[in-house]
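Structure, as structure tokens:
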């Protein structure tokens with residue numbers, strides 16, 4: 001699951017970088033043509049797609065980090081409790097007589 005989220009986050013990140021590259025190329029071609037008859041590129045469309053790609057990346061990373069930390073916390077607490085119980089149960093009975 002973590003691997004899936006890592007790949008998905010990279011897809012969003014690369015997608016946003018490619019979209020920015022495409023946006024820059026479209027604007028440069030429009031400026032080179034000298035604004036002769038063709039309509040300017042729609043800023044709203046470019047910003048919307050970029051915002052969606054960025055939002056997707058942020059959400060995937062947040063979910064991925066939450067899953068990783070949640071799993072890590074559960075495993076760490078299980079390990080610590082297991083080790084603690086094992087060590088306490090293996091103590092000699094004399095330890096409990098002398099230690100309040």
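Couple of notes before you dig in:
- Whole-angstrom gap from the stretch 3-19 to the stretch 52-100, using each part's C-alpha centre: 30
- Fully extending the segment from residue 59 to residue 47, taken as 0.36 nm per residue of separation minus the present Cα-Cα distance, adds 2.5 nm.
- Helix-only mean residue ellipticity at 222 nm for the chain, each DSSP H run of n ≥ 4 adding -39500 (n - 2.57), per residue, nearest 500: -30000 deg cm²/dmol
- Straightening the chain between residue 77 and residue 89 buys 2.5 nm, computed as 0.36 nm per residue apart minus the Cα-Cα spacing.
- Springs join every pair of Cα atoms under 10 Å in this Gaussian network model of the chain, and among 44, 15, 34 the largest mean-square fluctuation is at 34.
- Here 23, 66 are placed in order of increasing Cβ neighbour count within 10 Å, fewest first, which gives 66, 23.
- FRET efficiency, residue 25 to residue 2 (Cβ-Cβ, R0 22 Å, nearest 0.05): 0.05
A short reminder: the numbers here are calculations on the coordinates, not readings from a lab. Note that the structure is predicted; figures quoted are calculated from it, not measured. Ideal geometry is used to build each Cβ from the backbone, glycine not excepted, and the neighbour counts take in all protein chains shown.
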